[in-house]
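These notes concern the structure reproduced below.
The values are calculated or read from the model by the stated rules, or taken from the named source; none is laboratory data. Not measured: the values here are computed from a predicted model. With ideal geometry, Cβ positions are generated from the backbone for all residues, glycine too; neighbour counts draw on all protein chains shown. In case anyone asks, the SASA skips ligands and DNA or RNA and just uses the protein heavy atoms, side chains included. Shrake-Rupley method; radii C 1.70, N 1.55, O 1.52, S 1.80 Å.
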Amino acid sequence: MSNSELRRTSELQLLEMAQRFFDAAADQLGLEEPLRELLRYPKRKLTVIFPVQMDDGSVRHFEGYRVQHHPVLGPTKGGIRYHPQVTIEEIEALAVLMTWKTAVVSLPLGGAKGGVRCDPTQLSLGELERMTRRYANEISPLIGPDIDIPAPDLFTGEREMAWIVDTISMHHQGQYMPGLVTGKPLVLGGSEGRDTATGRGGFFIAQETLKHLKRSLKDARVAIQGFGKVGSNLAHFLQQGGAKVIAVGDVRGGVKNEAGLDIAALQRHVKESGSVVEFPGSEAISNEDLLELEVELLFPAALENQITVDNAERIKAQMVIEMANGPTTWEADQLLYERGTLVVPDILANAGGVTVSYFEWVQDRSFYFWTAELVDRRLKRVMVKAFHKVLTTHLQHRVEMRTAAYMVAIDRVAQAARARGLYA
Ligand code: NAD
């Protein structure tokens, strides 16, 4: 299969998987058919095709998307990704996941996602800025601080968010609108703690998961697949909390040290060399073997579809905490549940990022900014409360943590939809 065929299969799988998880939870909840019908479809899907002037004077057209899944609880929220193979199906699946993610942590938001089909590594800084500003202009009828609030995702960050907020603010007589996007630089109304929020949230979830299983973080053996923004921060917090991070991997390979890797030194090594591989004092390990290590905690923090029917039987971790979106397939999830492995699903485990994004939006709306300590305390409160709500549902209904998380999320959205009624 070619790369693009593989990617298409995985997009369809993502959408299909999100649908399967939804159906399983909706069955458990006994969700009425009209509500299933209502929540199955996104509210808006926008495709835009727009011209950008390139540095050599030529004009190229780009295709971009914005999908809003469900705004029943409040404005929609979700990142914007730049990728050569991004499609509307992928964006739709991710928008749906955002609805359940925001609902499981009880944020007053719905889900959305956006993207532009481009290879950002092949664009100059000027081309990237002109493309970003033009895309922002094209989706401007759909976004706004009270409607839909974008954020960074693959290949976008603070810089792109600053361009977007500037572009739209210029359409409003230059009136600065910081609540329009999150993930902005601090000086433009970003939030303390946003850059480490997903890893920090995963750390709180790990603490609660261990407590539930009457285990301690001290000396717990940990393996992490992915050492980017999420994986490296998570590794730092886990080590600070007393855990032994014995293996981490990135796209080029993995490293292992039974005595525990020195995460600060590893972060310096990655900064200098661009990868974890050849970290002094460690032995090499493949990404496949890393997933199958005998550890208490395994964190997939890189890509989707990493734990599948092909390797699920060999996963020896007692707990799998999903930091990446969609790292475990439906079938593998069932296998792990039957074997007694506790899998904390992505929509709960990696919701720390959107939670602090929500905090950023709240701060922007009042023009009053919180300390890093306050952000951290409030993040912990949200994550711990959501974890216990999901855990209680898991225990009461005897379903996987994933189905329990979807049940909590769908129930919240369904309650709001019932209360509002259908305006038909
Ligand atoms: P990132 O780009 O900063 O890091 C990704 C890491 O995964 C890198 O270390 C990369 O080398 C590694 N990787 C890529 N391909 C790999 C492969 N084939 N095998 C092993 N490792 C591989 O991305 P990130 O922001 O850390 O995001 C990681 C995951 O977490 C993604 O699935 C993302 O969607 C999800 N996520 C991120 C956030 C956030 O706030 N950044 C929030 C929610 C979910």
Among the numbered conditions (1) assigned to a loop (DSSP other than H, G, I, E, B); (2) open to solvent by less than 30 Å² (accessible area, probe 1.4 Å); (3) more than 12 Å from the ligand (Cβ to nearest atom), tell me where Ala265 comes up short.
(1)
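Matching residues to (1) touching a Pro at 6+ places or on another chain (Cβ under 8 Å); (2) at pLDDT 95 or above; (3) assigned to a helix (DSSP H, G or I):
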site	(1), (2), (3)
Glu272	no, yes, yes
Ser275	no, yes, no
Phe279	no, yes, no
Phe299	no, yes, no
Glu304	yes, no, no
Are any residues in region 367-382 open to solvent by 10 Å² or more (accessible area, probe 1.4 Å) and either within 13 Å of the ligand (Cβ to nearest atom) or not aromatic (Phe, Trp, Tyr) (or both), and if so, which ones?
Thr371, Ala372, Glu373, Leu374, Asp376, Arg377, Arg378, Lys380, Arg381, Val382
Just checking, does region 368-384 include any residue being among the polar types (S, T, N, Q) and closer than 30 Å to Asp146 by Cβ?
yes
Residue, nearest to Arg412 (Cα to Cα), within region 60-85, restricted to residues that are open to solvent by less than 10 Å² (accessible area, probe 1.4 Å) and aliphatic (A, V, I, L, M)
Val67
Quick one: would you say Glu258 is open to solvent by 30 Å² or more (accessible area, probe 1.4 Å) and assigned to a loop (DSSP other than H, G, I, E, B)?
yes
Which ranges mark the helices (runs of 4 or more DSSP H) fully within region 326-424 that have 1 or more residues being modelled with pLDDT of 95 or more and hydroxyl-bearing (Ser, Thr, Tyr)?
352-366, 372-397, 401-420
Total residues in region 273-331, condition under 21 Å from Phe22 (Cα atoms), more than 9 Å from the ligand (Cβ to nearest atom) and open to solvent by 20 Å² or more (accessible area, probe 1.4 Å)
5
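Okay, residues lined up against (1) in contact (Cβ under 8 Å) with a residue 12 or more places away in the chain; (2) open to solvent by 10 Å² or more (accessible area, probe 1.4 Å):
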site: Val344; (1), (2): yes, no
site: Val354; (1), (2): yes, yes
site: Ser357; (1), (2): yes, no
site: Arg365; (1), (2): yes, yes
site: Val384; (1), (2): yes, yes
site: Asp411; (1), (2): yes, yes
site: Ala416; (1), (2): yes, yes
site: Arg420; (1), (2): yes, yes
site: Tyr423; (1), (2): no, yes
Region 232-255 - residue that is in a helix (DSSP H, G or I) and more than 16 Å from the ligand (Cβ to nearest atom) and, of those, most open to solvent (accessible area, probe 1.4 Å)
Gln240
